[in-house]
Amino acid sequence: MKLAVVILNWNGKRFLEQFLPSLIKYSPEYAEIIIADNASSDDSIAFLNAEYPKLRIIQNQQNGGFSKGYNDALKQIDATYYCLLNSDIEVTEYWIEPIIDLMDSDAQIAVCQPKILAYHRRNEFEYAGACGGFIDKLGYPFCRGRLFNSIEKDCGQYDDIAEIFWATGAAMFVRADIYHKLGGLDEDFFAHQEEIDFCWRVKNCGYKVKVCPQSKVYHIGGGTLPKNNARKTYLNFRNNLWLVLKNLPKSQLFSALFYRFFLDLLAAVVFLLKGQFRDFSAVIKAYFSFISRFNTMKCKRQPNLKPLKDIYPKSIVWMYFVKKIKTYSGLRWRKI
């Protein structure tokens, strides 16, 4: 099999009903659609068996989150490429072919994503991935088309095929051999930013991550955990700290964690002043978890980590909140 399009489903029958028809319609012959179910308690499986009896279903015995769910499922799938696809995504015609053609043309491209637009605001980029992801020197993620909560309209300004730092797990194409070579997604992350960690490891091994805007999909987002959710706040803060600890070179690690402590403390105080007590508590819990697992996560560092050229060399926090730069193009950043 050349391509396995794998949807990790957890109680997402409503999305399967809504988006499977277009996915099936716009999948070429060399692509197989597979549903990996994460121990759903709704009637997703009954629906699939009744409406799509020919679809392959892999049933995970427990909900181990995004990372373990995909790792367990992909071990059972033999393909050249995987596409990790969220269930709440509407695909478009010819969304697969441009990416596979691009990856076929260069064996060094390990990961690729399409342009991600918002399902309900179809002329805007979507928060989780937009037109390709980056991080700054302190590990804060941002995208071509989205800085923090400022989301740009898609006017074709990022329609070039480009090398990026990370591809969104909402629609991530990856070479199967490299996925398994690197051990897949880090299951300790459970969910959120595990794809950034994976792409960082890909980069550390000398492979490329790209965005192919000729492929376009529409993402609802927040289908499992809504945006304003304390559990999501906890996972994002904790996992981002783990991300930095695992992947930054030793020469940059101490200073990054030093500045991160104060910036994250400031974020916690802002939550407190806004009356978002659960989010404030989530940041504090994230730090306790980070400290308690510090040595475990430190042992996962790859040997001989080196600085990477496509990490933004400034603080995106400073540029956004102090310099008031709200767009990716406004950063005027040219990678050397």
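In a shell of Cβ-Cβ distance under 9 Å around TYR119, excluding TYR119 itself, what net charge do Lys and Arg (+1) and Asp and Glu (-1) give?
Once positives and negatives cancel, what remains is -1.
Normalised by the empirical 2.2 N^0.38 Å for globular proteins, what value does the Cα Rg of segment 119-235 take? Each step should come with its number before you reach the end.
Working: Rg = 14.3 Å, N = 117, 2.2 N^0.38 = 13.4 Å.
That works out to 1.06 for segment 119-235.
Hey, what's the Cα Rg ratio for the chain versus the globular rule of thumb, 2.2 N^0.38 Å? The partial results should precede the final answer.
On the way: Rg = 19.2 Å, N = 336, 2.2 N^0.38 = 20.1 Å.
Cα Rg divided by the expected 2.2 N^0.38 Å: 0.96.
Place a point 7 Å from the Cα of LYS285 along the Cα-to-Cβ direction; which residues of segment 178-221 have their backbone N under 18 Å from it?
The answer is 188-193.
Order by neighbour count: ARG201, ARG146, fewest other Cβ atoms within 10 Å first, most last. Walk me through the intermediate numbers first.
Working: ARG201 21, ARG146 24.
Least crowded to most crowded, the residues run ARG201, ARG146.
For a quick check, take a GNM of the chain with Cα springs below 10 Å and name the residue from ALA73, ALA107, ALA256 with the largest mean-square fluctuation.
Of ALA73, ALA107, ALA256, the most mobile in the Gaussian network model is ALA107.
Using Cβ counts within 10 Å as a stand-in for footprinting exposure, how do GLU152, GLU194 rank, fewest first?
If I rank by nearby Cβ atoms, fewest first, I get GLU152, GLU194.
Nearest 0.05, what FRET efficiency do TRP333 and MET1 give at R0 = 51 Å with Cβ-Cβ as r?
0.85
Using a Gaussian network model on the chain with a 10 Å cutoff between Cα atoms, which of ASN229, ASN304, ASN86 fluctuates the most?
Ranking ASN229, ASN304, ASN86 by mean-square fluctuation puts ASN304 first.
On alpha-carbon atoms, Rg over Rh for segment 163-320 using Kirkwood Rh?
Taking Rg over the Kirkwood Rh, I get 0.96.
Identify, among SER255, LEU308, ASN38, the residue whose Cα sits farthest towards the positive end of the charge dipole of the chain, taking +1 on the Cβ of Lys and Arg and -1 on the Cβ of Asp and Glu, with the dipole about the Cα centre.
Ranked along the dipole, the leading option is SER255.
Give, as ranges by residue number, the residues of segment 304-336 whose backbone N falls under 12 Å from the point 7 Å along Cα→Cβ of GLU163.
Of the residues in segment 304-336, 308-311, 335-336 have backbone N under 12 Å from the label point off GLU163.
Just to be sure I understand the rule: take each whole DSSP H helix in the chain, project its Cα atoms onto its long axis, keep it if the span is 20 Å or more and its mean Kyte-Doolittle hydropathy is at least 1.0. Which ones pass?
250-273
Please find, in a Gaussian network model of the chain (springs between Cα atoms separated by less than 10 Å), the residue of VAL269, VAL111, VAL244 whose mean-square fluctuation is greatest.
VAL269
To make sure I understand the rule: partners must be lysines, Cα under 23 Å from the Cα of LYS250, and not fewer than 8 residues away in the same chain. Which ones qualify?
Result set, ordered by chain and number: LYS137, LYS203, LYS208, LYS298, LYS300, LYS306, LYS309, LYS314, LYS335.
Hey, what did the chain get for relative contact order, percent, Cα under 8 Å, at least 6 apart? Don't skip to the end; give the middle numbers.
Details: 621 pairs, mean separation 63.0, N = 336.
Relative CO of the chain lands at 19 percent.
Can you spot the aspartates and glutamates whose alpha carbon is less than 14 Å from LYS324's alpha carbon? Ignore those fewer than 8 places along the same chain.
none
No value in this document is a laboratory result; all are computed from the given coordinates. None of the values given here were measured: they were computed from a predicted structure. As a convention, Cβ positions derive from the backbone with ideal geometry for all residues, glycine included, and neighbour counts pool all protein chains shown.
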